[in-house]
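Presented below is the structure to which this report refers.
Read the figures in this text as sums done on the coordinates, not as results from a lab. Keep in mind the model is a prediction, meaning the values are calculated, not measured. Cβ coordinates were reconstructed from backbone atoms using ideal geometry, including for glycine residues, and neighbour counts include every protein chain displayed.
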Amino acid sequence: MNAPETTRRDMLCTLAGCAAAALAGGCSDFTHTEFFRGHFKELSEDELTAIREKIEAECKTKYDKDVTVSNTPAREGVQFAYALDISRCVGCRRCVYACVAENNQSRDPVVQWIRVLEMDKEKGIDFEHANPYYDAETVPRPGHFYLPVACQHCADPACVKSCPVGATWKEPDGIVVIDYDWCIGCRCCMSACPYGARRFNWKEPSLPADQVNANMHILGNRPRPKGVVEKCTWCVQRVRDGRYPACVEVCPVGARKFGNLLDPSSEIRYVLDKKRVFVLKNELATHPRFYYFYGL
Amino acid sequence: MKFDIARRTRLEALVAVLALVAGACGRHESNDLDLSAGWVPGPDAPSSDSKLHTPPPPFSEGIFPCSECHEADMPVNTKRRELSMAHTDIVLKHDEEHRWCLDCHDAADRDSLHLAGGDKVPFEESYRLCGQCHGDKYRDWRAGVHGRRGGNWDGEKSYLLCVNCHNAHSPRFAPIKPLPPPPKPERTP
Ligand code: SF4
Ligand code: SF4
């Protein structure tokens with residue numbers, strides 16, 4: 001057992017490689033690194049660099065743009081959390097579109113990670129009667145309030161447990177990520193997620209070249225292929241550099257707060273200490289790291 | 001095992017006595033803070049002094065300095081009244097039953113605001129004036145929780161003055177046009 005041996009994966013690689021190479025008929029960009037690589041968490045620095053450079057080169061060809069695909073890891077001593085003041089949100093959807101632009105979401109078909117739900121003040125929080133398709137000359141519409149929903153980055157995420165191949169997981173800083181190259185598109189996670197936070201690429205995503213955000217993260221906003229699942233990553237490409245997510249910066253009423261749960265002087269801790277806070281579907285014990293609060 | 005427990009109890013008693021003795025000089029400054037255990041904020045953490053880095057006040061064009069029109073020899077009329085000669089565009093919808101111009105603007109020094117107690121406040125620090133009545137919002141704002149922030153969650157943040165978002169004379173937000181809704185999912189034929 002302790003003698004060096006050919007692992008099962010290596011063997012499969014070699015076998016499948018031969019078969020695939022025969023099938024592909026010597027197609028040059030059919031690389032071993034890309035197709036027969038290991039799980040993301042087991043990749044070596046070199047393998048990661050190769051994958052990142054490949055995505056950068058692909059973007060250059062496709063969009064004629066120099067992009068950087070980073071792999072900034074989680075920082076020690078950081079547990080991210082988010083808070084949203086529903087007494088302030090006016091339902092203007094600025095956050096939805098800032099998110100689309102920042103995270104290179106498909107414009108056609110439309111993929112949006114944030115969904116703003118319009119609810120009846122009389123009914124309170126009631127998903128049965130929530131309307132994500134509201135349109136009006138002006139918001140807030142009388143008698144209504146607004147509840148934006150995206151991935152809640154649950155501490156005990158149902159999506160992660162349901163994925164049969166381990167293509168989605170929780171990072172050490174609390175961000176739930178997806179490896180788009182590992183996702184097999186079975187959509188188990190979508191049916192497991194109680195918050196409807198995940199989106200599936202039914203068709204080839206389209207992204208106009210002049211609207212590509214060149215600051216990318218390998219587990220975040222880099223372009224996704226058809227047939228995989230995607231969702232909010234709290235702008236992993238920004239927050240791991242110390243910046244606020246795009247939705248926080250764009251919200252005109254300042255309803256969105258973000259920071260480090262472990263830092264007692266952070267905005268997020270202030271909210272948890274001093275405001276009336278709740279999480280969505282608390283009874284499901286997914287323990288969201290996304291807190292809603294009443295700031296008024 | 002028994003011996004162990006007994007010894008632990010005795011040890012605990014000793015520690016308790018020592019703690020009591022130490023507590024006697026608990027007011028001594030050097031005992032107040034345990035620097036080794038606490039969180040050390042980064043160099044850019046918001047300072048605790050009362051002045052914050054905020055953008056310049058959003059004056060209407062050509063309005064400042066006020067003293068340009070309100071010259072020293074212009075008589076000061078402190079009577080509460082409807083303005084007819086100037087500033088007619090200002091609609092006061094801010095506790096207008098109880099407030100008017102000179103409650104916030106300083107009659108003696110037009111380029112300045114003043115607190116209720118008379119202390120002058122520059123326009124750049126108007127948040128101190130707002131904070132007199134809206135203490136809870138002021139507290140939240142200083143902590144970064146009321147209002148819009150940009151920049152870094154772990155460092156330099158951009159703050160805005162209250163008046164960058166709220167019109168001081170009519171602070172309630174006007175409703176705005178929402179961006180378009182997402183398309184409804186198509187029906188499969
Ligand atoms: S940008 Fe702010 S106010 Fe507008 S919908 Fe999003 S959270 Fe609500
Ligand atoms: S909200 Fe849904 S997708 Fe996000 S972590 Fe929780 S279960 Fe997973």
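Considering region A:88-142, the residues that are among the acidic types (Asp, Glu) and surrounded by 16 or more Cβ atoms within 10 Å (Cβ to Cβ) include one that is nearest to ligand 1 (Cβ to nearest atom), namely A:Glu118.
Does A:Gly254 count as more than 16 Å from ligand 2 (Cβ to nearest atom), touching a helix residue (DSSP H, G or I) at 6+ places or on another chain (Cβ under 7 Å) and within 9 Å of chain B (Cβ to nearest Cβ)? Criteria not met by A:Gly254.
Of the helices (runs of 4 or more DSSP H) lying entirely inside region B:84-171, those carrying at least 3 residues that are surrounded by 14 or more Cβ atoms within 10 Å (Cβ to Cβ) and away from chain A (no Cβ under 14 Å) are B:126-133.
As a summary of the residue check, A:Cys232 satisfies the conditions (1) in contact (Cβ under 8 Å) with a residue 40 or more places away in the chain; (2) outside any loop (DSSP other than H, G, I, E, B); (3) under 30 Å from A:Lys60 (Cα atoms); (4) away from chain B (no Cβ under 12 Å) except for the one numbered (2). Restricting A:Lys226, A:Lys281 to those that are farther than 27 Å from A:Phe127 by Cα and surrounded by fewer than 20 Cβ atoms within 10 Å (Cβ to Cβ) reduces the list to A:Lys226. When residues in region A:81-102 are screened for being within 15 Å of ligand 2 (Cβ to nearest atom) and either without any contact (Cβ under 8 Å) to a residue 40 or more places away in the chain or out of contact with any Pro (no Cβ under 7 Å at 6 or more places or on another chain) (or both), 3 of them pass. If you go through region A:157-187 and pick out every residue that is near ligand 2 (Cβ under 10 Å from one of its atoms), assigned to a loop (DSSP other than H, G, I, E, B) and touching a helix residue (DSSP H, G or I) at 6+ places or on another chain (Cβ under 6 Å), you end up with 2. Scanning region A:91-108 for residues that are in contact with an Asp or Glu (Cβ under 9 Å, 6 or more places away or on another chain) and within 15 Å of B:Pro181 (Cβ to Cβ) yields a single hit, A:Gly91. Residues that are under 22 Å from A:Pro245 (Cα atoms), in contact (Cβ under 8 Å) with a residue 60 or more places away in the chain and not polar (S, T, N, Q) within region B:157-189 comprise B:Lys157, B:Tyr159, B:Leu160, B:Leu161, listed in sequence order.
Please indicate, with yes or no, whether at least one residue in region A:176-194 is within 16 Å of ligand 1 (Cβ to nearest atom) and within 14 Å of chain B (Cβ to nearest Cβ). No, the conditions are met nowhere in region A:176-194. Screening region A:125-156 for residues that are among the acidic types (Asp, Glu) and away from ligand 2 (no atom under 16 Å from the Cβ) and picking the one that is nearest to A:Val69 (Cα to Cα) gives A:Asp135.
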